[in-house]
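> Submitted below is the structure of interest, expressed as structure tokens.
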Amino acid sequence: MSKDIRIKKGLNINLVGAAEKTTSKAVLSNVYALNLDDFHGITPKMLVKQGAEVKAGEPLFYNKANEEMLFVSPVSGELVEIVRGARRRILTLKILADKTQEYTSHKVMDVEKAEADEVRKFLLQSGAWPFIKQRPYDIIATPDSTPKAIFISGYATAPLAADPDFVLQGKEAELQAAISALRTLTPGKIHVSVGKSSQSPLAGLEGITLHKVSGPHPAGLVGTQINKIDPVNKGEVVWTISPQDLVIIGELFLTGKFNAERTIALGGSVVKSPKYYTTKIGAEISTFLYASGVSQEKFRLINGDVLTGSKTHPEGHLGFYNNTVTAIPEGDDYEFFGWNKPVFNKISSTRALTFSWMQPNKKYDLDTNTNGEHRAFVVTGRYEAVFPLDIYPLQLLKACMVKDLDEMEQLGLYEVAPEDFSLTEFICISKQPHQQIIREGLDLLYQEIG
Amino acid sequence: MGLKEKLHQTKLKYQGKKMAPAFNALHTFLYSPNETTHSGSHVRAVDDLKRTMNTVIMALVPCLLFGIFNAGYQHYSAINGFPENFSVLEHFITWDNFWLGAITVLPIVVVSYGVGLAIEFLFAVIKGHEVEEGYLVTGMLVPLIVPVDTPLWMLAVAVAFGVVIGKEVFGGTGMNILNPALTIRAFLFFAYPTWMSGDKVWVHGAVDRAGTADAISGETVLGYLAQGNNTEMFAKYDLSEMFFGFIPGSVGETSTFLILLGGLFLIFSKIASWRIMVSAVVGSLAMGLIFNGIVAAEWIPEYSKFYGLMSFEFWQHLLVGGLAFGIVYMATDPVTGSQTNRGKWIYGFLIGFLSVMIRVFNPGYPEGVFLAILLMNVFAPTIDHYVVRGNVKRRMKRLKNATIFPKVSGEVEELKTETV
């Protein structure tokens, strides 16, 4: 049974520098790193000491709140550095990779006959559990919960994001294994969304409910799809997994090995020849960035897409959940009468002497300038035009800002993740930090109620 | 060293100092800032508050220019009689009209911006936040909604009151409950009622000449109607004059034609809400029709003091007075108006409806737009509340069918539904 989802409200941000559909193998990175900021809300407890030798897939630390949830090394090598920040909080774990990779082997499981508890335990012990995120709160799924449904979005609409159809080619077996395993964990459905006219390997899987999605960004965000298919109510839990992480999970079940390899899209106007690379989680970004070349010295390097990614630098490492790396120009320059002259080279959601509405398919070279200063909320009705969820965005943001728990609940904070507010943040005339406001609201709600 | 570099150095010098907001306000007026994104989305759309406000000002400029010419035209026509065979180029767009209009209207603009911006800067420096752009539009609206002979000191007092009490005490732009420009207008009306009403203040010079042999009348269209002098009014002004604005009235409100163009521009540029404009027009037509119906049914006698305005053709209400101006430029203020799309329909409709009602029934002063908008400003949060409750109710209804599974470990979770 398939149900079509057509999104009308939204805005496509077409940027220069989309990755060309050819894949190269990235140079092997010397050092791999896990960035602890990727695991929101997790307090790590180390299992190995600095200097220890680890295999790929061997646990490095566990979640303080749940000892069973292990986080594993993407490669085999020596744990050379534990970078700590204020109050000795662990920021990054760096692993110097061995020349020949050794893997921890788990017992191969027949997913067709597996029991829920077995699968759950296997995922937790093998380090694949953190790939499963949950809503409410947009955190790593609580192992104790049973989701009412699992959502997987195989349709990317974010600017310069990796095309799931392309990177998932030939991974049908892994995807099917992962889906079959996850099937045991929920009595509900597994909703998989693909682009309307796509040839996605996801479409042919068994045991899923397929949805065909069309429309502008944020049609590809899993939050939009959840809202249209089966919104989260108070007390309910849904899980979300990105399709590329499904491949890693599937491979674990098929081979017993944690293979951190993934295909990523390198894009952005600064990159000379944007294309796809196969590399591993935690690899140093310079290992593929400079293979494609950069056209200027000063640029913003982003782990992820331009709307939701995190700031990094060439010596930084590929994030745990990312399959996109973007490089765009920094915009730390003044512009003479930038606030009133007609604008042709930037995107706008209005027509106030801005002309992006005339060329909806033009590709833009945007920089990181905020194009204005931070202000109080003034204009109304603009967010609603790009926000397809059945939620009042302005009212929810204000409820989060004043920390009104009742309002946050009633206006639908359980249904959203910060990324759902990335587009309203992009068009925000008052330049408010929407994603941060929502993140803080979710954390507060989790702390007080969850 | 170029200007850009010099200003950058000065900005660094002022950073963290008390005067920084004042300098930044001037700096960002010349150059959009070099700020880059820090959290969340790394790229941002080009629109900011300055651009938004600037678009509204652009839509107001034709009204201001027209107001300047009209000030001169009304003055000379009141003295020398209205020209026969009126032609726009010959009788309206003349140097005499412009010059007289400029020396009467521009001082109002200067006082409005001067006093208002001074207060804005002062508050920004004291409270250490950036100067917000809200007053750029307010300062332009104020000269357009006051009578041309408003004494400047009165205006200065009213602007100070409006900006401080109407806006800054609530926390500045974005936080105010009442439209600041209308607060200023209401202050003028209630503090100096003898000045602000009657037939003298609308045409330059009428006040000075009152009681002398050269006395001139500057009765507005609504003034005539309120006194039941419908035929006399129509003898003096025809419909096209009302539509194009060659009638006495507040400086910028007379030309419905230019207001219509401004409104279309604001709708096209997606700056102002078309929902509010359309529903306000519908609301005023509805109320006008009701009054026309009452007259047609002969429920009120011809000698009633409301007869003149009630019998006025319903759609012509939009051509006279400040109704069109209020609907396009004041009711659409996003801060004080309704914030939800559905709420905007209700909010706009009631503004139009109440404007015409107050206009007809106000005994002292035949105009009601500013009172209607201020009243609805107060009710806008209530309207939004009920609209948002609709969304919440839908969510609560869904909750009844929620699929909540017990924890895997079998732990009984304490019931945490009390907040819903």
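> Quick check, is B:Leu354 assigned to a helix (DSSP H, G or I) and either at pLDDT 95 or above or hydrophobic (A, V, I, L, M, F, W, C) (or both)? Lay out the reasoning, then the answer.
Values: assigned to a helix (DSSP H, G or I): yes; either at pLDDT 95 or above or hydrophobic (A, V, I, L, M, F, W, C) (or both): yes.
Judged against the criteria, B:Leu354 is a match.
> From the list A:Phe61, A:Phe39, pick out the single residue that is closer than 30 Å to A:His211 by Cβ and not assigned by TED's automatic domain parsing to the domain that holds A:Asp163.
One residue alone meets the criteria, A:Phe39.
> Further question: Checking the structure you have, find out if any residue of region B:124-143 is under 18 Å from the mean Cα position of the chain (by Cα), surrounded by 16 or more Cβ atoms within 10 Å (Cβ to Cβ), away from every other protein chain (no Cβ under 13 Å) and within 30 Å of B:Asn80 (Cβ to Cβ).
Yes, region B:124-143 has at least one match.
> Hey, could you check region B:172-195 for residues that are among the hydroxyl-bearing types (Ser, Thr, Tyr) and in a loop (DSSP other than H, G, I, E, B) and say which is farthest from the other protein chains (Cβ to nearest Cβ)? First the steps, then the outcome.
First, pick out the residues of region B:172-195 that are among the hydroxyl-bearing types (Ser, Thr, Tyr): B:173, B:183, B:192, B:194.
Now restrict to residues that are in a loop (DSSP other than H, G, I, E, B): B:173, B:192.
Values: B:Thr173: 6, B:Tyr192: 31 Å.
Among those that are among the hydroxyl-bearing types (Ser, Thr, Tyr) and in a loop (DSSP other than H, G, I, E, B), it is B:Tyr192.
> Report, by residue number, each residue of region B:48-88 that is aromatic (Phe, Trp, Tyr) and outside any loop (DSSP other than H, G, I, E, B).
Within region B:48-88, B:Phe66, B:Phe69, B:Tyr73, B:Tyr76 qualify.
> Now, a different point. Can you pull out every residue in region A:195-237 that is aliphatic (A, V, I, L, M) and touching a residue at least 60 places away in the same chain (Cβ under 8 Å)?
A:Leu210, A:Val213, A:Ala219, A:Leu221, A:Val222, A:Ile226, A:Ile229, A:Val232, A:Val237
> Residue check, B:Ser338 against (1) more than 12 Å from the chain's Cα centre (by Cα); (2) in a helix (DSSP H, G or I), all met but one. Which one?
(2)
> I want to confirm something. Restricting to region A:308-354 and keeping residues that are of a type in the set (Gly, Ala, Ser) and within 15 Å of the chain's Cα centre (by Cα), which single residue is farthest from the other protein chains (Cβ to nearest Cβ)? If you could, list the steps in order and put the result at the bottom.
Step one: of region A:308-354, the residues of a type in the set (Gly, Ala, Ser) are A:309-310, A:316, A:319, A:327, A:331, A:338, A:348-349, A:352.
From what's left, within 15 Å of the chain's Cα centre (by Cα): A:309-310, A:319.
Working: A:Gly309: 7, A:Ser310: 9, A:Gly319: 14 Å.
Step by step, filter region A:308-354, then rank; the result is A:Gly319.
> On to the next question. Just need a number here: residues in region A:55-88 that are touching a strand residue (DSSP E or B) at 6+ places or on another chain (Cβ under 9 Å) and not in a strand (DSSP E or B).
Of the residues in region A:55-88, 9 are touching a strand residue (DSSP E or B) at 6+ places or on another chain (Cβ under 9 Å) and not in a strand (DSSP E or B).
> If I filter region B:28-35 for residues that are of a type outside the set (Phe, Trp, Tyr), more than 7 Å from every other protein chain (Cβ to nearest Cβ), crowded, with 16+ Cβ neighbours inside 10 Å and touching a residue at least 12 places away in the same chain (Cβ under 8 Å), do I get at least one hit?
No, there is no match, as no residue in region B:28-35 is of a type outside the set (Phe, Trp, Tyr), more than 7 Å from every other protein chain (Cβ to nearest Cβ), crowded, with 16+ Cβ neighbours inside 10 Å and touching a residue at least 12 places away in the same chain (Cβ under 8 Å).
> Which residues, taken from region B:144-171, are assigned to a loop (DSSP other than H, G, I, E, B), within 14 Å of chain A (Cβ to nearest Cβ) and farther than 17 Å from B:Ala118 by Cβ?
B:Gly171
> Another question about this same structure. Which of the following residues is in a loop (DSSP other than H, G, I, E, B) and within 14 Å of another protein chain (Cβ to nearest Cβ): A:Lys49, A:Lys9?
A:Lys9
> Go through region B:247-273 and report how many residues are within 15 Å of the chain's Cα centre (by Cα), within 14 Å of another protein chain (Cβ to nearest Cβ) and assigned to a helix (DSSP H, G or I).
So the answer is 2.
> Further question: In region A:360-409, how many residues are of a type in the set (Asp, Glu), buried (at least 16 other Cβ atoms within 10 Å of the Cβ) and at the interface with chain B (Cβ under 7 Å from one of its Cβ atoms)?
The qualifying residues number 3.
The values are calculated or read from the model by the stated rules, or taken from the named source; none is laboratory data. These figures come from a predicted structure and were not determined experimentally. FYI the Cβ positions are ideal-geometry reconstructions off the backbone, even for glycines, and counts take in every protein chain you see.
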